[in-house]
Every structure is written in C-alpha cells, then in structure tokens.
1. On average, how much area does the Cα convex hull of region 265-348 cover when viewed from any direction, in nm²?
2. If neighbour count is taken as other Cβ atoms inside 10 Å, put K321, K182, K122 in order from fewest to most.
3. Convex hull volume of the Cα atoms in region 236-301, per residue, in Å³?
4. Express the relative contact order of region 46-125 as a whole percentage, based on alpha carbon pairs under 8 Å and six or more residues apart in sequence.
5. Can you run the Rg to Rh ratio on the chain? Use alpha carbon positions and the Kirkwood inverse-distance Rh.
6. On a full-extension model of 0.36 nm per residue, what is the gain between D243 and L23, subtracting their alpha-carbon distance, rounded to one decimal in nm?
7. Return the Cα extents of region 18-151 along principal axes one, two and three, sorted largest first, each rounded to a whole Å.
8. Can you compute 3J(HN,Hα) from phi for each residue in region 185-195, using the Karplus curve 6.51 cos²θ - 1.76 cosθ + 1.60 with θ = phi - 60°, rounded to whole Hz and x for Gly and Pro?
Amino acid sequence: MYLLFIEVALTDFTPFLFLKKLLDTNIFDQSEAINLFEALIDGKLDETQTAVFLTGLAFRPDNPIFLANAASEVLKRGQKLPSFPHNDALDTCGTGGDYSSSFNISTTVAFVLAACGVPVIKHGNRSSSSNSGSSDVLQYLGVRIDLSPEAAEATFNKLGLCFCFAPQYYPFLKNLAPIRKKLGFRTIFNQIGPLVNPGGAGTHLLGVSRNSFLDLFADAILQMGKQGIVVCGGGKIDEVTLDAPNELRIIHSGSISSAMVLPTDFGLRSVSLNEIRVNSIQESAGIIIEILNGSTIPGRDVVLANTALALLAAKKVKNLKEGVEMGKSAIDQGKAKVILEQLKSFVV
C-alpha cells in the first residue's frame, strides 16, 4: 500500500528547510520528502540542493513507506524488460556496503539457481564498496552486460537468467553519480537499488549489511507487493554466512515473520570471512570458475548456503538441507557452468 502525497511548492530553499527541520526536530515530512525526491531524479535540483537533500535523507529515521515510494518513482522512469513484471522471477541483489571484500557470492548463486530451474533476473552495478561488483566480474568472465532490454529478455526466456546493468536502465541517475561520489557516504540510492529490478522480479533474496536494515527492507518489499527473504549474516554481511548466526525476515502472503538460521542448519562446514575474501575482480572470477567446475573450496559452501535460502524463498524446496542438495547437484552435474557458458555466448 502506498501513501498519497500532497504536492508542495518547490523553492530554492526547500532542501535546506527540509534538512534543518530534520536536524532540529527529527520530523520527517513524507510528502515534502517524496516531492523533493521526484524533483531530484527529474533533474530539477542544482548540485548544492542535491547535496543538501541527500544529506538530509541520510539523517532520516528508517521509513519503509518512503523507501518503497522512492523506489516506485525510480521504477516509473526507468527502462524495463518488455514483459515486465516477471512475478515468477527472483533477484539476488543486495545492499552491499558490508566492506567484506568477499567474492561475488550472489552472482554465483544466480547461475546455480537458474540451473535449479528458478528464473533469475539479476540486477546489479559496478562496485562501490567491494573489490568486485557484479557487473565487473560478469564482464571479466565474458558476459555482455550492455544488452538491450529486448535482448536481455530473450536471454531470460532462453536460459532462465539474465543480467540487468543498472546504469543502462536508469540513465537519468547518471548525473547524480559525481555528487554522490563527492559526498563520500552511502545515499538513499544504495538502498533503492535492490528494490528496482527492471524485470519486475516478484521474489527477492535481499542481503543487508546490518541487522537494523532487516525490518526496513522487509517492510518495503511488503509495501511493493512482493515476497522473499531479507538476510543479514552475523550482523554485518549482506549474505548468508557460515561462521555466525543469520537473522532473517520472511515476507510471504502479505505478512512478515522473523527467523534465525545457524550455520549448522545447512549441514555444511564452517567457513570464515577470511576464506572467501578477494583482492580483485580477477580473483573473484577465478573462485566463481572453480566453484562452477566442481571444486570443493570454502566458497562453494557459502554459495550452497545462499542458494538453499534462495530456493526456500522461491518455494522450490521445503527446507535448507534439501536446498543444499539441489544446489550441489546443479553444480556437480555441470548445469550451472553450462548456464554461464550459454550466457557468454548470448550476444544479440
């Protein structure tokens, strides 16, 4: 459910008054905020106004209704796959921002899920806080990230998987990139990213980098009429981790429930963060190839754990251990590797 906002007149001082009110009183005016946000993405704010408004939003209290509405406004203006929405598809895009320097886990999971028969529309971008973003590693692996929406959908229809490069679908946000870089902190757009899948994926496995984000994103997903699982690994990683408890929010049938998943629940060995860190795109790509080739390196277990949770979100399995076994079969039978090779050859 979305709130109806009353449009207010925009003046040169509106962003400054918004920030002052927020800092002085902690009052977050949603109508004012959404009107300013629309002005921002429509290019109506100058650089100073943009910086002030984005700073104000960084101080805002968590507000899932605002986040859902802001994501909706971005979606309205973006390009989409021709048959949008694909309610049967799943996205593994997370918030990032955990600075863990892990290899591209969710990207690897996307190949395994597709091999398990789960349709995946993977939305992603270049790295902002890690050593390898999803777009970076896919490009290094030889996958075209610049396919048109029509070609991406053709890939999806043939392989059950496609990748949507965020800047290609939301070019109107490009002008904000230099200001965001100057500000030096993560902005509202880092939160919006996982919620604006250009294919309209109906299910999310959405990793967040801190437990305090769990309810925010679960409520936003619910507001947007979707389902899925929001996970935070060990209170600090936007993936399932195998060396600490994982806090979950499960969005299903119009409600949200909480759960805790322990590493032992997957029936896999413990894997520390140090065992899955990489220093470059090349290292991340190397680990992905090893995993898809069937190597039993530590990263494989982390991929299997995240795959199992995604399969549970997609209602493909009844429990996590069943999901792990399905993921193992997809890898060991070479099906996940075939998906990557076919994706590389798709150059329409």
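Readers should treat all values here as calculations from the given coordinates under stated rules, not as data from a laboratory. Because the structure is a prediction, the values reported are computed rather than measured. Heads up, the Cβs are rebuilt from the backbone with ideal geometry, glycines too, and the neighbour counts pull from every protein chain shown.
1. On the way: hull surface 25.9 nm².
About 6.5 nm², averaged over all directions.
2. On the way: K321 14, K182 9, K122 28.
Fewest-to-most Cβ neighbours within 10 Å comes out as K182, K321, K122.
3. Values: hull volume 8.4 nm³, N = 66.
Hull volume normalised by residue count: 127 Å³.
4. Answer for region 46-125 is 30 percent.
5. On the Cα set of the chain, Rg over Rh gives 0.97.
6. Additional length available on full extension: 75.3 nm.
7. Result for region 18-151: principal-axis Cα extents of 52, 35, 25 Å.
8. Karplus-based 3J(HN,Hα) across region 185-195 equals 10, 6, 10, 3, 5, 5, 7, 5, x, x, 9 Hz.
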